[in-house]
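In what follows, a single structure is set out as structure tokens and then discussed.
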Amino acid sequence: VGSADRGSADRLPDGPAAEANERAAGALAARYGHPVELAGSPLNPVIDALLAHRSVRAYLDRPLAPGTLEALIAAAQSAATSSNLQAWSVVAVEDKARKARLSVLANDQAHIRECPLLLVWLADLSRLDRTASALGAAAGANRYLEMFLVATIDAALAAQNAAVAAESMGLGTVYIGAMRNHPEAVAAELGLPPDSVAVFGLCVGHPDPERPAAVKPRLAQSTVLHRERYSTDHEAQAVKAYDSAMRAFQASQRMPEVDWSRHSTNRVAGPQSLSGRDRLREALTALGIRLD
Ligand SMILES: Cc1cc2nc3c(=O)[nH]c(=O)nc-3n(C[C@H](O)[C@H](O)[C@H](O)COP(=O)(O)O)c2cc1C
């Protein structure tokens, strides 16, 4: 919008407002793989930061600034938690040898060795067991699937707060679900008490600018957002469009091209696609977690 338009009542935003609109449009286009109009949606710096998320799998060999870990955990502890039970814990691993051993247990992922900080998030019912025990009371509800779900949800919400906090500091993160490939061995490595289990890891570190990560597009909003009642009316069409968007993304990143629908179908094909996690129930039992 040029200066000639100044004074027009319905002129487009100028200066910083126009720049903010452009940035938002760019961020949304990257998030969905094509330009989208979220007419009138009130974006702000927090949402801008969320839209810019990308998993980082390449880190500099540089330690985190002092106090970073504590700030991340304060952010994590600020998440909502079921009944204020705070049924999660986290083990911060910085020791190189321990990270190397954990990486072997998690499909040998190099970024676990590279990152200066690996946070291992626990669904942790053991503290509630101890708290009840100190009062001479039973904690029988902890034996039920519901409480395991409570602890897992709590851990995930806390971890995501930490991830967002890390990104707000210019750090990169990537979750490590492969921390569930060998739950008993991870528990032994970290000295976990019975009734606690590592549900995932989170690598944290300075992203290597030489190996940058890009924003990965997501499914169209219409596929995940249902208004009033669930509808699959436009799903097949949207998935097809998303297959193309993901192929374009992969090509731009010089990655092998594969449709999202094919990749995702392979990922859920059968027990063999679970990287050993098909025996999770057995592992949980071994760790003192019951799912009655
Ligand atoms: C619970 C969870 C576990 C994950 N596990 C791994 C993992 O073991 N290794 C990995 O490289 N990425 C892992 N990821 C990252 C996902 O692959 C990534 O979030 C997804 O492909 C979307 O990409 P983006 O985060 O860059 O948007 C995990 C993500 C989540 C939420």
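Only residues that are of a type in the set (Val, Ile, Thr), within 20 Å of Ala17 (Cα to Cα) and within 16 Å of the ligand (Cβ to nearest atom): list them for region 38-76, please. Let's see the steps before the verdict.
Looking only at region 38-76, we keep the residues that are of a type in the set (Val, Ile, Thr), and these are 46-47, 56, 68, 73.
Still in the running and within 20 Å of Ala17 (Cα to Cα): 46-47.
Once the filter is applied, which keeps residues that are of a type in the set (Val, Ile, Thr), within 20 Å of Ala17 (Cα to Cα) and within 16 Å of the ligand (Cβ to nearest atom), region 38-76 yields only Ile47.
For the condition touching a residue at least 12 places away in the same chain (Cβ under 8 Å) and not β-branched (Val, Ile, Thr), what is the one hit in Ala80, Ala132? Outline the logic, then answer.
Numbers: Ala132 fails: touching a residue at least 12 places away in the same chain (Cβ under 8 Å).
Only one candidate qualifies: Ala80.
Would you mention how many residues in region 173-220 are of a type in the set (Gly, Ala, Ser) and within 13 Å of the ligand (Cβ to nearest atom)?
Total satisfying the criteria: 6.
Taking Ser103 as meeting all but one of (1) in contact (Cβ under 8 Å) with a residue 40 or more places away in the chain; (2) assigned to a helix (DSSP H, G or I), write down the number of the exception.
(1)
Out of (1) farther than 29 Å from Thr131 by Cβ; (2) in a helix (DSSP H, G or I), what's the single condition that is false for Arg254?
(2)
Within region 107-133, which residues are over 16 Å from Leu85 (Cα atoms) and outside any strand (DSSP E or B)?
Initially, region 107-133 is screened for residues over 16 Å from Leu85 (Cα atoms), giving 107-120.
Hits for region 107-133 are Asn107, Asp108, Gln109, Ala110, His111, Ile112, Arg113, Glu114, Cys115, Pro116.
What do you reckon, is Ser83 surrounded by fewer than 16 Cβ atoms within 10 Å (Cβ to Cβ) and assigned to a loop (DSSP other than H, G, I, E, B)?
Judged against the criteria, Ser83 is not a match.
Kindly indicate which of Val93, Val104 is in contact with a strand residue (DSSP E or B) (Cβ under 7 Å, 6 or more places away or on another chain), within 16 Å of the ligand (Cβ to nearest atom), among the aliphatic types (A, V, I, L, M) and under 24 Å from Ala178 (Cα atoms).
Among Val93, Val104, only Val93 is in contact with a strand residue (DSSP E or B) (Cβ under 7 Å, 6 or more places away or on another chain), within 16 Å of the ligand (Cβ to nearest atom), among the aliphatic types (A, V, I, L, M) and under 24 Å from Ala178 (Cα atoms).
Only residues that are loosely packed, with under 10 Cβ neighbours inside 10 Å and under 21 Å from the mean Cα position of the chain (by Cα): list them for region 225-266, please.
Within region 225-266, Leu225 is the sole residue that qualifies.
Every number here is computed from the coordinates shown, using simple stated rules; none is lab data. No experiment lies behind these values; they were computed from the predicted model shown. No Cβ is skipped: glycine too gets one built from the backbone with ideal geometry, and neighbour counts run over all protein chains shown.
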